[in-house]
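The values are calculated or read from the model by the stated rules, or taken from the named source; none is laboratory data. Source: prediction; values computed, not measured. No Cβ is skipped: glycine too gets one built from the backbone with ideal geometry, and neighbour counts run over all protein chains shown.
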Amino acid sequence: MTEKRFKKWKPPTFNKNDTTQWNWMCQHHKNLKLGNSVDIGAFTYINAKKGVIIEDSVQIGSHCSLYSLSTIDNKEGKITLKKNCRIGTHSVIMPGVTVGENTIIGAYSFVNTDIPDNVLAYGIPAKKIRNLTKKKEKN
């Protein structure tokens, strides 16, 4: 079910400094593929030079950094954030990483390897903490 706040959701527009109206920025935004109902927090930085795919209903907290290219260690690769994953505030996603569907990355995490679907992961570096299961509905 789509949340009420996303009923009038529209893709972002970028100004001459690659910043959106919500104060997050994406360099090389032509290489950013953004799904529907995506929520990206203020002051998040995305470097999409080698490609970034953010699928439907992804949430990214404020002050996160996504790097498809790292000049420090010369790594590069497309980043993929799968449907309904959530990235906690101040987290860093490094080149070539895929974060799985429905996965939660805890705040202040450093993600430098793939994280599978339906898990909670956090830390420096981020590691799987436990599997996530759907809550049973009460009748």
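Which ranges mark the strands (runs of 3 or more DSSP E) fully within the range 52-139 that have 1 or more residues being touching a Ser or Thr at 6+ places or on another chain (Cβ under 6 Å)?
By residue number, 52-54, 79-81, 119-123, 126-131.
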Some residue of the range 96-104 being within 9 Å of the chain's Cα centre (by Cα) and crowded, with 19+ Cβ neighbours inside 10 Å: yes
Checklist (1) closer than 26 Å to Asn17 by Cβ; (2) touching a residue at least 40 places away in the same chain (Cβ under 8 Å) applied to Tyr67, failing item: (2)
Pairs with Cβ under 8 Å, 6+ apart, first in the range 81-96 and in contact (Cβ under 8 Å) with a residue 40 or more places away in the chain, second hydrophobic (A, V, I, L, M, F, W, C) and crowded, with 20+ Cβ neighbours inside 10 Å: Lys83/Val58; Thr89/Cys64; Pro95/Ile79
The range 109-125 residues that are farther than 14 Å from Thr98 by Cα and of a type in the set (Val, Ile, Thr), paired with ones that are in a loop (DSSP other than H, G, I, E, B) and at pLDDT 95 or above (beta carbon under 7 Å, 6 or more apart): Ile124/Ser109
Residue within the range 26-45 that is within 26 Å of Thr113 (Cβ to Cβ), under 16 Å from the mean Cα position of the chain (by Cα) and of a type in the set (Asp, Glu) present: yes
